[in-house]
Amino acid sequence: MAANSLVLPIVLWGRKAPTHCISTLLVMDDLATIVTGCHDGQICLWDLTSDLEITPRALLFGHTASITCLSKASSERDKQYIVSASESGEMCLWDVSDGRCIEFTKLACAHTGIQFYQFTIGNQREGRLLCHGHYPEIFVVDATSLEVLYSLVSKISPDWISSMSIIRSHRTQEDTVVAVSVTGILKVWIITADVSRMQDTDPIFEEESKPIYCQTCQSISFCAFTQRSLLVVCSKYFRIFDAGDYSLLCSVPCENGQAWTGGDFIAADKVIIWTEDGCSYIYKLPASCLPASESFRSDVGKAAEGSIPPLLYNVLDRKDKQLLICPPVTRFFYGRREPFHKLLLQGDSAGRLSIWSIPDTPQQQQIGSSIEELAVTTSTSLQEAFDTLTHRPAGIIDQLSVLPGAEEPLKVTASVYIPSHGRLVCGREDGSIVIVPATQTAIVQLLQGEHMLRRGWPPHRILRGHRNKVTCLLYPHQVSARYDQRCLLSGGVDFSVIVWDIFTGEMKHIFCVHGGEVTQLLIPPENCSTRVQHCVCSVASDHSVGLLSLRERKCIMLASRHLFPIQVIKWRPSDDYLVVGCSDGSVYVWQMDTG
């Protein structure tokens with residue numbers, strides 16, 4: 001490629017917004033940007049106005065697996081940096097102002113939580129990321145290079161960390177990291193300025209380890225208002241602890257068979273707790289939990305049922321009651337700069353973002369009266385944003401997909417771009433496959449000109465063979481030169497895999513070996529046996545895997561004894577093994593030549 005040439009990727013979404021099943025979310029310190037991560041691996045940036053109106057601005061691509069957590073990565077106003085982590089161990093550093101990926105790294109373990117920590121050395125401020133997840137320590141990572149500097153390790157009962165909070169001390173130069181392990185043990189580490197400065201050092205061991213019997217811990221929060229209380233939320237109850245000696249101040253069980261999924265302090269005397277079905281509850285804490293009260297710690301040592309329980313104030317419920325694929329994600333954010341909003345945000349599997357603005361003085365409940373519900377302040381989704389556009393977003397082959405009398409074009413359900421031929425191949429929901437010149441079809445959608453008046457433009461070919469939706473497409477020659485460059489493969493809902501001649505449009509062969517829709521078409525690696533090298537691997541929804549020989553025009557192996565859906569296919573060519581991983585965690589090893 002010439003040094004002065006520029007490759008500019010262009011995305012044509014079509015009228016349907018991309019799916020955005022939200023898995024985590026974050027609000028920037030200036031309350032002007034919301035960041036959402038989704039199970040598909042994309043990150044969406046939303047602009048937030050001072051009137052709390054939300055508009056999606058950009059989609060960031062960089063992860064190959066579900067986003068597990070987001071965190072800010074700088075506290076400087078001119079550096080709008082965030083860090084994201086995925087299920088596959090990837091970490092990306094992004095500039096939110098323009099969507100650039102600044103740094104990328106991949107670790108062998110997956111993070112489930114990241115918190116930003118800043119300390120000062122002389123006149124210089126440095127940032128660290130404290131990460132916890134599916135491993136028994138807390139990694140301290142440089143916020144600029146994403147390099148692991150050292151780790152916080154447990155001597156006593158080391159285990160995965162469920163949740164973590166950083167307690168900043170304004171009186172001393174020591175800050176405290178408080179975490180709860182999956183077995184309900186509270187861990188405390190002290191971080192001094194000297195420790196923060198260290199790199200590639202020995203691990204730091206905990207100062208204290210105390211069982212607090214909080215299994216299935218969902219979140220732990222330090223009260224910034226009193227600098228004295230800790231809120232620990234478990235799925236069946238939430239508890240308030242004294243951050244001085246970690247003694248229990250009060251405990252409240254979850255009602256109506258629901259499960260708590262998190263919570264936070266919204267004032268010195270109020271907490272907000274949310275459930276897995278998207279409801280949130282505001283509780284006023286009793287005087288025994290308030291450091292400013294004369295009754296503080298008066299209930300320490302009493303049985304939980306003997307103490308004065310917190311009073312339920314308000315309920316925040318989802319406006320849209322549609323059935324969701326997975327539980328919504330809820331977070332509380334408190335503006336540290338103007339405007340000082342207290343916001344509860346919720347993102348769900350439909351790509352909808354809802355905001356509740358929480359007043360400083362919620363209405364107090366009269367005894368015997370019904371509990372007041374706080375109305376949602378604003379709510380929008382990616383699809384609603386697409387629908388409000390003056391010019392509807394174009395799909396790549398919309399002009400060829402509108403059937404007579406139909407309002408919506410046929411949906412594209414699979415596609416493959418073949419740069420060597422300049423062709424784009426699109427499979428559609430009616431089973432047809434359209435082959436178009438990629439550049440010309442993009443010009444039709446993006447540029448105005450005389451081509452707009454031509455019917456059936458650009459020149460195209462339609463292949464018909466599947467009886468229903470096309471689910472996957474594969475051009476094997478693009479992956480490996482050992483395959484015939486005329487050969488194109490398609491899989492469908494009709495259980496079949498069809499071999500096409502891409503130049504003539506002729507159907508060469510139909511494989512009908514599966515008992516369910518074909519979900520994936522894969523290429524075996526180069527160093528397999530000669531026979532397997534001329535095969536493609538097909539995966540179907542009936543939990544079967546086939547090796548389809550393009551040379552012999554037959555299935556040379558069908559692995560079909562799997563009890564659960566297939567999630568991953570791996571190869572071990574030296575032993576002639578095909579390894580199948582299923583959704584229940586089971587692994588099957590098949591010999592390819594013998595089956």
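The values are calculated or read from the model by the stated rules, or taken from the named source; none is laboratory data. Everything numeric in this text was worked out from a predicted model, so none of it was measured. Positions of Cβ are backbone-derived with ideal geometry, glycine not excepted, and every protein chain shown enters the neighbour counts. The area values use the complete protein model at the heavy-atom level, side chains included, leaving out ligands, DNA and RNA. Shrake-Rupley method; radii C 1.70, N 1.55, O 1.52, S 1.80 Å.
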R0 of 51 Å, Cβ-Cβ distance Arg15-Asp245: FRET efficiency to nearest 0.05: 0.30
When only the heavy atoms of the protein chains count and the probe is 1.4 Å, how do Arg77, Arg239 rank by accessible area, highest first? Arg77, Arg239
What does the accessible area of Thr439 come to, in Å² to the nearest 10, when a probe of 1.4 Å is used? 100
Evaluate 2.2 N^0.38 Å with N set to the residue count of the range 421-539, then give the Cα radius of gyration divided by it. 1.18
Quick check: from the Cα gyration tensor, does the range 66-179 come out rounded (a/c under 1.5), prolate or oblate? oblate
Show me, for the range 78-85, the HN-Hα J-couplings you get by feeding each phi into the Karplus relation (A = 6.51, B = -1.76, C = 1.60, θ = phi - 60°), rounded to Hz, glycine and proline as x. 8, 10, 8, 9, 10, 10, 10, 9
Order of exposure, largest accessible area first, which applies to Cys92, Cys555 with probe 1.4 Å: Cys555, Cys92
Other-chain or far-sequence residues with amide H under 5 Å of Gly133's (modelled H): Thr112, Ile161
Under 1.5 on a/c is rounded, so check that first for the range 479-559, then, if it is not, pick prolate when a/b is larger than b/c and oblate when it is not; a ≥ b ≥ c are the square roots of the alpha carbon gyration tensor eigenvalues. oblate
Run the helix sum for the chain: -39,500 (n - 2.57) per DSSP H stretch of 4+ residues, divided by residue count, reported at 222 nm to the nearest 500 deg cm²/dmol. -1000 deg cm²/dmol
Listed residues Arg486, Arg228 arranged by accessible area, highest first, probe 1.4 Å: Arg486, Arg228
Kirkwood radius from Cα pairs of the range 8-123 plugged into Stokes-Einstein at 37 °C, 0.692 mPa s, gives D in µm²/s equal to 219
Per-residue HN-Hα couplings for the range 421-428, Karplus 6.51 cos²θ - 1.76 cosθ + 1.60 at θ = phi - 60°, whole Hz, x for Gly and Pro? 10, x, 10, 10, 10, 10, x, 10
Express in Å², to the nearest 10, the accessible area of Phe265 obtained by rolling a 1.4 Å probe over the protein heavy atoms while all chains stay in place. 10
Report the percentage of all Cα-Cα pairs in the chain whose separation exceeds 41 Å, rounded to a whole percent. 38
How big is the charge dipole of the chain about its Cα centre, in debye rounded to the nearest 20, if each Lys and Arg gets +1 on its Cβ and each Asp and Glu gets -1 on its Cβ? 1480
